[in-house]
Amino acid sequence: MVDSRYRSRKPLIVTTNLTLEELQNPEDTAHARIYDRLLEMCCPVFFTGENIRKATAQGKMERLKGLMNGKESLS
């Protein structure tokens, strides 16, 4: 998909958990080719903030603990 967008010069939005350093220093040739295209086509934007998934998981774990201890109902 990246290559077809690249060749057609169409816009591309990519999200990744990789750091900019990881994109600039890939593990192998296959990844290097993809990452080079991404860095040419896209402008890196770094977002910071609270991990929403982690907070949600923690809330679910607390609810499960309550259920296991009989302190909370299933409803």
Problem set entry | Search result, residues across the range 1-28 that are over 16 Å from GLU40 (Cβ atoms) and among the acidic types (Asp, Glu) | GLU21, GLU22, GLU27, ASP28
Exercise. What about LYS65, is it in a loop (DSSP other than H, G, I, E, B) and open to solvent by 90 Å² or more (accessible area, probe 1.4 Å)?
Worked result: no
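For every residue, the table says whether it meets (1) in a helix (DSSP H, G or I); (2) open to solvent by less than 80 Å² (accessible area, probe 1.4 Å); (3) touching a Pro at 6+ places or on another chain (Cβ under 9 Å).
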{"site": "LYS10", "(1), (2), (3)": "no, no, no"}
{"site": "GLU50", "(1), (2), (3)": "no, no, no"}
{"site": "GLN58", "(1), (2), (3)": "yes, no, no"}
{"site": "GLY70", "(1), (2), (3)": "no, yes, no"}
Exercise. Among GLU40, GLU22, GLU27, which is the only one that is outside any helix (DSSP H, G or I) and open to solvent by 70 Å² or more (accessible area, probe 1.4 Å)?
Worked result: GLU27
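The values are calculated or read from the model by the stated rules, or taken from the named source; none is laboratory data. Since the structure is predicted, the reported quantities are computational estimates derived from the model, not experimental observations. So basically every Cβ, Gly included, is an ideal-geometry build from the backbone, and we count neighbours across all protein chains shown. What goes into the accessible areas is simple: the full protein's heavy atoms, side chains included, and nothing from ligands, DNA or RNA. Shrake-Rupley method; radii C 1.70, N 1.55, O 1.52, S 1.80 Å.
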